[in-house]
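A short reminder: the numbers here are calculations on the coordinates, not readings from a lab. No experiment lies behind these values; they were computed from the predicted model shown. Don't worry about glycine lacking a Cβ; one is built from the backbone with ideal geometry, like all the others, and counts go over all protein chains shown.
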Amino acid sequence: DSITDDNKTDYYLFKYKDKFQEQLLTQTVYKVTNKTEMYVVRNALTGRVPRTKVEVKCTAAQRVEIEFLYDFYCSLWEKEQEALLYAFIQKHEIFGNSNVNPKKNNLTREELIKMTNLMNALSDETPHLRITEGTSNI
């Protein structure tokens, strides 16, 4: 019954690991509750503020939805980060001269298309050789 009571709100604790997950959690809370209010939780004994926990005032149903969506988005974010990293490596040719690149050879057609699109969206900046006439400008 308590999960379907749309009028009863309470404070629920949510944890995150890093700044990216914090942003995903903030956006997910906003998506579900249409509010950006999140409260920092202090340690009762030390008074310190852990940087990986927040409280959100919402209904039990909203808590369940936030947890579900947050877990989904975190998993998807991890997957997308990996795809972006491989595209970044390919775009900037951060590999040796060998023609062997195990990850690239095992990609599906869809993954190759995605990688190509990601590579095209990345910056074309390149490193410049900073050593001139035997002296380093680094």
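Could you tell me the relative contact order of segment 36-98? Use alpha-carbon pairs under 8 Å, at least six residues apart, and round to a whole percent.
It rounds to 20 percent for segment 36-98.
Once the Cβ-Cβ distance between Lys53 and Ser123 is put in as r, and R0 is 22 Å, what FRET efficiency do you end up with, to the nearest 0.05?
Numbers: r = 35 Å, r/R0 = 1.60.
For R0 = 22 Å, the calculated efficiency reads 0.05.
Work out how much length Glu93 to Tyr30 would gain on full extension: take 0.36 nm times their residue separation and subtract the Cα-Cα distance, in nm to one decimal. Present the calculation step by step, with values, prior to reporting the outcome.
Numbers: separation 63, 0.36 × 63 = 22.68 nm, distance 3.89 nm.
Using 0.36 nm per residue and subtracting the Cα-Cα distance, I get 18.8 nm.
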